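The values are calculated or read from the model by the stated rules, or taken from the named source; none is laboratory data. Worth saying up front: this structure is predicted, and the values here are computed from it rather than measured. Every residue, glycine among them, receives a Cβ derived from its backbone with ideal geometry; neighbour counts consider all protein chains shown. The protein model used for the area step is the full one, side chains on, heavy atoms only, and it has no ligands, DNA or RNA in it. Shrake-Rupley method; radii C 1.70, N 1.55, O 1.52, S 1.80 Å.
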Amino acid sequence: MNNIYLPKQVRVVTVSRESVDTVLLRLEFIDKKIQKNFAYLPGQFMQIGFPDWGECPISICSSPTVAGKYFELAIRDVGQLTHKLNQMRIGDIAYVRGPFGNGFDADKFAGKKLVLIGGGCGFVPLRPLIDDAIAGRIKTESLQVFYGCSNEDTLLFKKQYPDWNRGGEFGIILEKPQKNWAGEKGLITDLLKKRKLASDSVAVLVGPPIMYRFVIKELLVRKIKPENIWLSLERKMYCGVGVCQHCAIGPYYVCKDGPVFSWAQLKDVVGAI
């Protein structure tokens, strides 16, 4: 029986510096049996930490197809625990629980025009969807990816941009770029207004709540249906299993009922975004 309250040991396999404040950790369970039976969906998250340090929720950002071998977490340095996680090296040990949450049901995207929209570090859980769509594991009719970030130093997964550009429409916009930036400048909504979006598209959003407000408004103007707009919330999650109630919004617990919701579910919930 899997005890969701019992942390399990993982070892760092590789470390990649993705941005000025974010590292990508490839992790494997010490217990090979656990690793072999491990499975998750894009959009699910793990609790990771250390004894006497606590733990924090981090979205899984590797394709589910590699779950039997390893999984990857992109961790931004924003506090004491995440700073310690950012200092990890190959062979170091951490403790994890999970996966938690409902994740994205990729089967719902098959045969559809898929639009993925990420803001800042919210771009992390979109990575497995992009990789699987480009590899043909999600058989979409078309793929559009739009990424809004602060500046060049905070852009994530840069090494994958050439492949993503070849696999579909991939657009980046920076709010405060350096003077020699040759790309788009502004907010993610500025980028969307310049691109064609089909009304029968399925859109997936991950980013800060303020981004959701304006992006959803733009998508609705394009006649995309609320049930075809999916978003991931990351609201004050702590326990991961709906016990502490820190992440409650309306009738939902984000960690347990989400973090993935359709806009049809949330549009009438006060304070959802």
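Here are the numbers for the structure shown:
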{"item": "The lone exception for residue 229 - which of (1) more than 16 Å from residue 100 (Cβ to Cβ); (2) open to solvent by 20 Å² or more (accessible area, probe 1.4 Å) it fails", "result": "(2)"}
{"item": "Selection from region 232-241 of residues that are surrounded by 18 or more Cβ atoms within 10 Å (Cβ to Cβ), of a type outside the set (A, V, I, L, M) and either farther than 20 Å from residue 204 by Cα or at pLDDT below 90 (or both)", "result": "234, 235, 239, 240"}
{"item": "Qualifying residue in region 184-197 (condition: touching a Leu at 6+ places or on another chain (Cβ under 6 Å), open to solvent by less than 20 Å² (accessible area, probe 1.4 Å) and assigned to a loop (DSSP other than H, G, I, E, B))", "result": "no"}
{"item": "Whichever residue in region 94-141 is assigned to a loop (DSSP other than H, G, I, E, B) and among the acidic types (Asp, Glu) and, among such residues, is nearest to the chain's Cα centre (by Cα)", "result": "105"}
{"item": "In region 89-109, the residues that are of a type outside the set (Gly, Ala, Ser) and buried (at least 19 other Cβ atoms within 10 Å of the Cβ)", "result": "96, 97, 99, 100, 104, 109"}
{"item": "Matching option when the condition is of a type in the set (Asp, Glu) and farther than 15 Å from residue 100 by Cβ, among 234, 218", "result": "218"}
{"item": "Criterion: in contact with a Pro (Cβ under 9 Å, 6 or more places away or on another chain), at pLDDT 95 or above and open to solvent by less than 50 Å² (accessible area, probe 1.4 Å) - qualifying residue of 143, 126, 116", "result": "126"}
{"item": "Residue in region 21-40 that is buried (at least 19 other Cβ atoms within 10 Å of the Cβ) and under 25 Å from residue 202 (Cβ atoms) present", "result": "yes"}
{"item": "Hits in region 142-155 (condition: out of contact with any Leu (no Cβ under 6 Å at 6 or more places or on another chain) and outside any strand (DSSP E or B))", "result": "150, 152, 153, 154, 155"}
{"item": "Among (1) modelled with pLDDT of 95 or more; (2) open to solvent by 10 Å² or more (accessible area, probe 1.4 Å) - the single one residue 219 does not satisfy", "result": "(2)"}
{"item": "Considering residues of region 47-76 that are assigned to a loop (DSSP other than H, G, I, E, B) and at pLDDT 95 or above only, the residue nearest to residue 101 (Cα to Cα)", "result": "61"}
{"item": "When residues of region 242-272 are limited to those that are touching a residue at least 24 places away in the same chain (Cβ under 8 Å) and assigned to a loop (DSSP other than H, G, I, E, B), the one surrounded by the fewest Cβ atoms within 10 Å (Cβ to Cβ)", "result": "267"}
{"item": "Among the residues listed as 145, 215, the single one being closer than 18 Å to residue 273 by Cα and of a type outside the set (S, T, N, Q)", "result": "215"}
